[in-house]
1. Quick one: work out the % antiparallel among DSSP beta bridges in the chain, nearest 5.
2. In percent, how large is the relative contact order of the range 7-129, given Cα pairs closer than 8 Å and 6 or more residues apart?
3. Run the helix sum for the chain: -39,500 (n - 2.57) per DSSP H stretch of 4+ residues, divided by residue count, reported at 222 nm to the nearest 500 deg cm²/dmol.
4. What is the dipole size for the range 7-129, taken about its Cα centre, with +1 at each Lys and Arg Cβ and -1 at each Asp and Glu Cβ, in debye to the nearest 20?
5. Pick from Ser86, Ser96, Ser116 the residue whose mean-square fluctuation is largest in a GNM of the chain, springs joining Cα atoms under 10 Å.
6. GNM on the chain, C-alpha springs below 10 Å: top fluctuator among Leu119, Leu68, Leu104?
7. How much net charge surrounds Arg22 when only the other residues with a Cβ under 13 Å from the Cβ of Arg22 are counted, with Lys and Arg +1 and Asp and Glu -1?
8. Sort out for me the Cα centre separation of the range 18-56 from the range 104-135, rounded to whole Å.
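Where a number appears in this text, it was derived from the coordinates with a stated rule and is not lab data. Fair warning: this is a prediction, and the values are worked out from it, not measured in the lab. Don't worry about glycine lacking a Cβ; one is built from the backbone with ideal geometry, like all the others, and counts go over all protein chains shown.
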Amino acid sequence: MGTGEFVNGEPSPLELASIAWRARENARVLGKTKVGAAVLADNGIVYAGCNVEHKFRSHDVHAEVNALTSMITNGGTRAVAIAIVSKREHFTPCGSCMDWIFELGGPQCIVYITNSEGLITSEHPASALMPFYPY
């Protein structure tokens, strides 16, 4: 998914989060938590994803994984940053999603998290969210 022109050729954290908020609107949830994600790849393109829940819950696709695999599908090779959005008070990517972030972005991939449009709640390198990850 190409997202248009950005200042200095890449999106700001708020622009990345805005793309994630738009993707979140397409979430297919059986519960109540919609999540959106947007990945900035090393090729400068942003790839978006949302959570897609399945009636046999072990098959749910998390927004982070949806965005990261869309990046690979469309020719991106490495995630530089990922914005994850949800209307929950406190959250971080789950362990499985962190595995994907480390695999496709590495410990330096910046993870932006927000629960409110128009702001970034927190910003961390992936290595800060899982400091003992065996990368």
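1. Details: 17 of 23 bridges.
Rounded to the nearest five, the antiparallel share is 75 percent.
2. On the way: 284 pairs, mean separation 28.8, N = 123.
Relative CO of the range 7-129 lands at 23 percent.
3. Numbers: 4 runs with 37 residues, N = 135.
The per-residue figure over the chain is -8000 deg cm²/dmol.
4. The calculation lands at about 480 debye.
5. Evaluated over the chain, the most mobile residue of the options is Ser96.
6. Comparing Leu119, Leu68, Leu104 in a Gaussian network model of the chain, the most mobile one is Leu119.
7. Working: positive: Arg24, Lys34; negative: Glu15, Glu25, Glu117.
Result for the neighbourhood of Arg22: -1.
8. 16 Å
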